[in-house]
Amino acid sequence: MRVTLLGLGRTVYVIVAALLSATFLPRLGVPADRVPDLVLIGVAASAVLRGPVHGALLGLAAGWVVELVPPVGDPIGLTPLVLMAGGLLAGSFRRTSSNSFLRALGALAAASVVVIAGRWAAAIVAEDGFAPTEGLGQLVATVVTALIVLPLLLAADGALVRRRLG
């Protein structure tokens, strides 16, 4: 197993995104239900370029990182599972003939729906109910943030692969 600059960059992105989502954005006054899922954006960007297996493994690892960053609100183990499912679904959008931004955005939207559905299911089991609109603000915030972040991640990934650093 060799460490690549691309793999190192993805690791740094996941850690920084988890810290930003959990600590920095709430301190700026962003409501908790409107904080974008920055980690999922990175997982979806990587999955749509590398495929479903890579997306699932990256989602699982990223979920473990997210659970290490306080505060932990979901039942333990839920975040890795839903990010793994989201990464798997986003990876199914991979096409070797085309790496368009719209394909990646669609993959992210589908993965976001899977993540929110997983959190709804956990809320039903753990808390005996949920609000149907819960998580929709985060879905919108994630997709809007992805309009800015996703092209940057895709471009960085492509540049590192072209230079054989990934």
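Each value in this text was obtained by applying a stated rule to the coordinates, not by laboratory testing. Quantities reported herein were computed from a predicted structural model and do not represent experimental measurements. Please note: Cβ atoms are built from the backbone with ideal geometry, for glycine as well, and neighbour counts cover all protein chains shown.
Near ALA156: Cβ cut-off under 12 Å, other residues only, Lys/Arg at +1 and Asp/Glu at -1. The net charge is +2.
Residues with beta-carbon under 15 Å from that of ALA107, excluding ALA107: net charge, scoring Lys, Arg +1 and Asp, Glu -1? My count for the surroundings of ALA107 gives +2. Taking trypsin sites (Lys or Arg not before Pro) as exposed when their DSSP state is a loop state and no more than 15 other Cβ atoms lie within 10 Å, the longest site-free interval of the chain runs over 3-162.
Using every pair of distinct Cα positions in region 1-80, the Kirkwood expression returns a hydrodynamic radius of 13.2 angstrom. Shown in residue order for region 57-69 are the 3J(HN,Hα) couplings computed by the Karplus curve 6.51 cos²θ - 1.76 cosθ + 1.60 at θ = phi - 60°: 5, 5, x, 5, 5, 5, x, 5, 4, 4, 5, 7, 8 Hz (x for Gly and Pro).
Enter the angle in degrees (range 0 to 90, nearest 10) between the Cα long axis of helix 101-127 and the first principal axis of the Cα atoms of the chain, meaning the one along which they spread out most. That works out to roughly 30 degrees. Judged by the mean number of other Cβ atoms found within 10 Å, the most tightly packed of the peptides 112-118, 147-153, 82-88, 14-20 leads the ranking 82-88, 112-118, 14-20, 147-153. Is any residue of region 37-63 close enough, with backbone N under 12 Å, to a label point placed 7 angstrom from the Cα of ARG163 along the Cα-Cβ axis, and if so, which? It comes to no residues whatsoever. What nm value, rounded to one decimal, do you get for the distance between ARG34 and ILE124 when each label is placed 7 Å out toward the C-beta? Result for the modelled spin labels: 2.9 nm. Highest GNM mean-square fluctuation among GLY135, GLY29, GLY59, for the chain modelled with Cα contacts below 10 Å: GLY29.
Local charge for VAL39 was computed over the other residues whose Cβ lies under 12 Å away, with Lys and Arg +1 and Asp and Glu -1, and equals -1.
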